[in-house]
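Beneath this line is the structure, given in structure tokens, with notes to follow.
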Amino acid sequence: MKNTVLISIICAVAGLTACSNSIKPESWMSDIPDETPAWQLSLPGAHDAATSGIPEGTVQHLAHCTQSYTLAEQFDKGIRFFDIRPGFDGDDLSRMMIMHSTTNTGVSADEALAAITGKVRENPSEFAIIVFRIENNDFTPEVLAAAQDSLCNLERKYAAQGVVMESFKAGMSVGDMRGKVLLINRNDYGSRIWCGAHTTGWDGMCSIVSPDGTQSAGIFIQDDYGWDDDGTCGTGKAASFAKHAAEFARKSAMGECWGVNHVSGYFNRDGLPRPHEFAEAVAPEVCKWLSEDKGNSPLGGVMIDYAGDPAYMGDEIIRLVIERNFKPAAGTDDGIQLFNGTDLTGWDFVLADPAVPAADVFSVKDGVIEIAGQPFGYMYTLEEYENYELSVEWRWPAEPTNSGVFLNIKALTNPFPNCVEHQLQAGNAGQFLALGGSKIEGVEAPEGKIGRKERMADSAEKEPGEWNKAVITVVDGDISTYVNGVFINECRDMANGGHIALQSEGGPIQFRNVILKQL
């Protein structure tokens, strides 16, 4: 179900270089199959997209100009994801302008929408996404009301023209979005949101929600400013970009998840942001990563400064992001079968009652691991692992009860080791527990108590007798999980690496297809 299936066939026959050379930036979506899920694309984006008109030679230009080309010119160069910051200049609430911090870009919100929607009309094979955030105002009730009224009126105006989508819908395809613009509001207008969508936050894993609240999907966001520890810039931001891209690849492989990954940032010298210096340092590192990465997993919206400008490699980043959509699929890694389907070779056992033979609790029948549930204990891998994706299937053969998957075990204590437990307790699958003195960042665990990171989404578990599947990613202490294709939770373990275990706790449970892929 990869988004590049048909195009990959074309590229495999004609050669990737020839295929890439035929891509026209102003209409690059035209060869994407209609049925491709829109969230599976890699979209070149422009950060603070409307800033090209800030006068040169001014402090405002040095600090707040992040683009060299107009919105229409950016579209022609391949940009499809626009970051727009409407706000009011001072006390004038009569006309919304596009701002960057305290700087008026000279472009009104109406003009910005007209420019982007106009280009989409001219190129009906394309679609665009605009993210709005109200900028440069104290959110007094008067200002907020004026901003809400202005933006809602603009949304109505362009929706009435048939180019702005009235509502986000989960599962939208490229065909559904062609010739349209999707507006995503970062601010919460409450009942005043009229069309498009809004987000529940702008950091890490959030949700994108339709105006009436009936449609939603995950959206995974990286928007740190990217300073390195020594106060410079470059490698730190590039590392953030690469780490986010890898994690987004895993999230989007599990089900619908939109993404935003910022290359942009600023280098603060003498108390003044200098985005051009930041771009000069970061762009080569990101281009290198994009060139060397052999995968074709989606990147979401890749937000850059100086989009299309060769002086900052803005043209090269756009080209590499677009070509991502046309790459042939890389070879797949089937991973390590931790359970061989026949016996429990590669595992050892810990039981609360050492007098009970392990074979009475842990056994294999018809290619399935059977765990009795009593006494408490666990079966653990002889090997230790770090930085991996673990997929495991489980079901309750009778009454649903309790169990878990232990991650990052350091000390094999009895019967609850120092580790993070991925909870499988019926109704709570995906909750994370800090056991045996381990620590989960941001989770309080009083002395002798278990720290709990509650689920971030509703239970996605199936009925007893049906197989469930969890896909758990552990990278440098960051742990996330999907249960039956639904993103459920994430946390940060203060330790990284160790044994993996399947728990006996409560009643009978069965496991199969325990597969680990090293990352």
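No value in this document is a laboratory result; all are computed from the given coordinates. Just so it is clear, the structure is predicted and the values come from calculations on it, not from any experiment. We place every Cβ from the backbone using ideal geometry, glycine too, and count neighbours over all the protein chains shown.
In segment 290-318, which residues have a backbone nitrogen under 11 Å from the label point lying 7 Å from THR70's Cα in the Cα-to-Cβ direction? Nothing falls inside the zone, counting backbone N under 11 Å.
In segment 35-135, the ratio of gyration radius to Kirkwood radius, Rg to Rh, stands at 1.00 when only Cα atoms are counted.
Taking only the C-alpha atoms of segment 114-166, the Rg (one decimal) and the largest Cα-Cα distance, Dmax (whole number), read 13.5, 41 Å.
Qualifying trypsin sites (Lys or Arg not before Pro) in segment 357-414, where qualification requires a DSSP coil assignment and no more than 12 other C-beta atoms within 10 Å, are lacking entirely. In plain terms, the C-alpha convex hull of the chain casts an average shadow of 26.3 nm² when viewed from every direction. Applying 1/(1 + (r/R0)^6) with R0 = 22 Å to the Cβ-Cβ distance of GLU466 and ALA246 gives a FRET efficiency near 0.10.
In debye, nearest 20, what is the charge dipole magnitude of segment 59-111 about its Cα centre with +1 on Lys and Arg Cβ and -1 on Asp and Glu Cβ, if you could check? Let's see the in-between values first.
Values: 4 positive and 8 negative charges, 44 e Å.
Value, rounded to 20: 220 debye.
Computed across segment 405-503, the Kirkwood hydrodynamic radius from all distinct Cα-Cα pairs reaches 13.5 Å. Note on ARG156 and ASP224: the model spin-label points, each 7 Å out from Cα along the C-beta direction, lie 4.3 nm apart.
Between GLU384 and GLU399, full extension at 0.36 nm per residue minus the direct alpha carbon distance yields a gain of 2.2 nm. Averaging the sequence gap over all C-alpha pairs within less than 8 Å and six or more residues apart, then dividing by the number of residues, gives the chain a relative contact order of 13 percent.
Give me the Debye-computed log₁₀ of I(q)/I(0) at q = 0.20 Å⁻¹ for segment 331-422, equal point scatterers on Cα only, no solvent, two decimals. Summing over Cα pairs of segment 331-422 leads to -1.17.
Length available on full extension from ALA352 to ALA239: 0.36 nm per residue minus the Cα-Cα distance, which gives 36.3 nm.
Qualifying GluC sites (Glu not before Pro) in segment 412-452, where qualification requires a DSSP coil assignment and no more than 13 other C-beta atoms within 10 Å, comprise GLU441, GLU444, GLU447. The slack in the chain from ASP343 to ALA495, taken as 0.36 nm per residue of separation less the alpha-carbon distance, amounts to 51.7 nm. Placing pseudo-labels 7 Å out from each Cα toward the beta carbon at ASP360 and GLU111 gives an inter-label distance of 8.2 nm. For each pair in LYS294/LYS365; LYS237/LYS517; LYS251/LYS453; LYS77/LYS294, compute the distance between the two Cα atoms and list the pairs where it is over 30 Å. Checking Cα-Cα distances, LYS294/LYS365 exceed 30 Å.
With a Förster radius of 22 Å, plug the Cβ-Cβ distance of ALA457 and ASP478 into 1/(1 + (r/R0)^6) and report the FRET value to the nearest 0.05. According to the calculation, E is roughly 0.80.
Where does segment 94-215 land on Rg/Rh, using Cα atoms and the Kirkwood Rh?
Values: Rg = 14.3 Å, Rh = 15.0 Å.
Here Rg/Rh amounts to 0.95.
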